[in-house]
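The values are calculated or read from the model by the stated rules, or taken from the named source; none is laboratory data. Source: prediction; values computed, not measured. Note: ideal-geometry Cβ built from the backbone for every residue, glycine included; neighbour counts use all protein chains shown.
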Amino acid sequence: MAREPGPAQPGDLVIDAHCHAGSGDGLSGPWDTAARLGGYLRRAAAAGISRTTLFAAFHSDYAVANEEVGRIVARSPGRFFGFAFVHAERDRGRIRPMVERTVRDFGFCGIKLHRHDAAITREVCQTARELSLPVLYDVMGEVWVADLLAGEYPDVNFILPHLGSFADDWRAQVAFTDQLVRHPNIYTDTSGVRRFDVLLDAVRRAGPGKVLFGSDGPWLHPGLELAKVRLLGLEPRDEQLILAGNFLRLARPAATRPANGPAAPRGAAAAPGR
């Protein structure tokens, strides 16, 4: 049964699963110029956000950008998780060593890539499979790829953020909701989803075990993005899945092994909670 939204309770764990950090090396917009965390951290603290997953801004060399994010994570390991950003085409042939280094040296626990750079490749998926890492892939509305990913890599968990479209393509978001329902290894996050009823429908149909809280900080206000989750009016257990539990379940195979330890055994994707 749904409940009326209320303030965060002491001890609630809230993980923002989607935030950029560090310097870009372009000047086409905030997304490739700089992702400064000062304002974000103040807003996150005020909203009761406990931990944040960081990945780079757009960059022409993600090995360099991942190093910068790694240093941020290393300075505050109790505050931040890290995902390795890769360019599926430009980094072709070196994706596994790039990602493996971030796991070994910085304890990163996932892979991030964006369709704006290039379409996802088998090399990325195979690296995720071998290292037991989730993949956060912004498909920019190309939600049809979820069917291919789910079928070809059923033992890899994929997070397609923004309910499939940051550009507010509600047709793509509605279509993607069906894929969330059908595929146990396809997930989404709440960042930048503007149409509340579309998000509500996705949570009701796919279940709270298929959705992660994310803000797309530092450019979107984390408190505002968190309010959308609170306003869903979920039972506390279901809300906690979205706010932290789902992320911890997906990232745990990497996040809980030693930074210089072996990858966790390959296994089936985690079953979604309800």
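Just one of the listed residues (Leu243, Leu231, Leu224) is out of contact with any Ser or Thr (no Cβ under 7 Å at 6 or more places or on another chain), without any contact (Cβ under 8 Å) to a residue 12 or more places away in the chain and under 20 Å from Ala46 (Cα atoms), and it is Leu224. Going through (1) buried (at least 22 other Cβ atoms within 10 Å of the Cβ); (2) modelled with pLDDT under 95 one by one, Ala259 falls short only on (1).
For region 184-219, enumerate the residues that are outside any loop (DSSP other than H, G, I, E, B), touching a strand residue (DSSP E or B) at 6+ places or on another chain (Cβ under 9 Å) and over 19 Å from Val135 (Cβ atoms). Show your work before the answer.
Here is the first cut: in region 184-219, the ones outside any loop (DSSP other than H, G, I, E, B) are 186-189, 196-206, 208-212, 217.
Checking the rest, the ones that are also touching a strand residue (DSSP E or B) at 6+ places or on another chain (Cβ under 9 Å) come to 186-189, 199, 202-203, 206, 209-212, 217.
Result: Leu199, Ala202, Val203, Gly217.
Check region 7-15 and report whether any residue there is in a strand (DSSP E or B) and buried (at least 17 other Cβ atoms within 10 Å of the Cβ). Yes, that holds for at least one residue.
Of the residues making up region 156-183, those that are under 20 Å from Val124 (Cβ atoms), part of a loop (DSSP other than H, G, I, E, B) and touching a helix residue (DSSP H, G or I) at 6+ places or on another chain (Cβ under 6 Å) number 3.
Condition (residue is under 26 Å from Arg129 (Cα atoms), modelled with pLDDT of 95 or more and assigned to a loop (DSSP other than H, G, I, E, B)) applied to region 33-52: is it met by at least one residue? Even if it seems obvious, please write down each step before you answer.
We begin by selecting, within region 33-52, every residue under 26 Å from Arg129 (Cα atoms); these are 51-52.
Next, from what is left, pick out any that are modelled with pLDDT of 95 or more: 51-52.
Narrowing the set further to residues that are assigned to a loop (DSSP other than H, G, I, E, B) leaves none.
No, region 33-52 has no match at all.
Looking at the structure I just gave you, is Ala74 among the small types (Gly, Ala, Ser) and either buried (at least 17 other Cβ atoms within 10 Å of the Cβ) or closer than 17 Å to Tyr137 by Cα (or both)? Judged against the criteria, Ala74 is not a match.
Condition check: crowded, with 17+ Cβ neighbours inside 10 Å and over 22 Å from Glu225 (Cα atoms). Does Val64 satisfy that? No; evaluated as a whole, the condition is false for this residue.
Considering only region 44-54, state which residues are buried (at least 17 other Cβ atoms within 10 Å of the Cβ) and either under 20 Å from Arg75 (Cα atoms) or aromatic (Phe, Trp, Tyr) (or both). Let's see the steps before the verdict.
At the first step, the residues of region 44-54 found to be buried (at least 17 other Cβ atoms within 10 Å of the Cβ) are 44, 47-54.
Scanning region 44-54 gives Ala44, Ile49, Ser50, Arg51, Thr52, Thr53, Leu54.
Here Val103, Val124, Val69 are screened, and the one residue that is without any contact (Cβ under 8 Å) to a residue 40 or more places away in the chain, crowded, with 24+ Cβ neighbours inside 10 Å and part of a helix (DSSP H, G or I) is Val124. The residues listed here are Ala128, Ala150; of these, the one that is more than 23 Å from Phe58 (Cβ to Cβ) and touching a strand residue (DSSP E or B) at 6+ places or on another chain (Cβ under 6 Å) is Ala150.
Residues are listed down the side, and each one gets a yes or a no for (1) surrounded by 17 or more Cβ atoms within 10 Å (Cβ to Cβ); (2) without any contact (Cβ under 8 Å) to a residue 24 or more places away in the chain; (3) more than 19 Å from Gly209 (Cα to Cα):
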residue: Gly141; (1), (2), (3): yes, no, yes
residue: Asp155; (1), (2), (3): no, no, no
residue: Ser165; (1), (2), (3): yes, no, yes
residue: Trp170; (1), (2), (3): no, no, yes
residue: Thr177; (1), (2), (3): yes, no, no
residue: Val181; (1), (2), (3): no, no, no
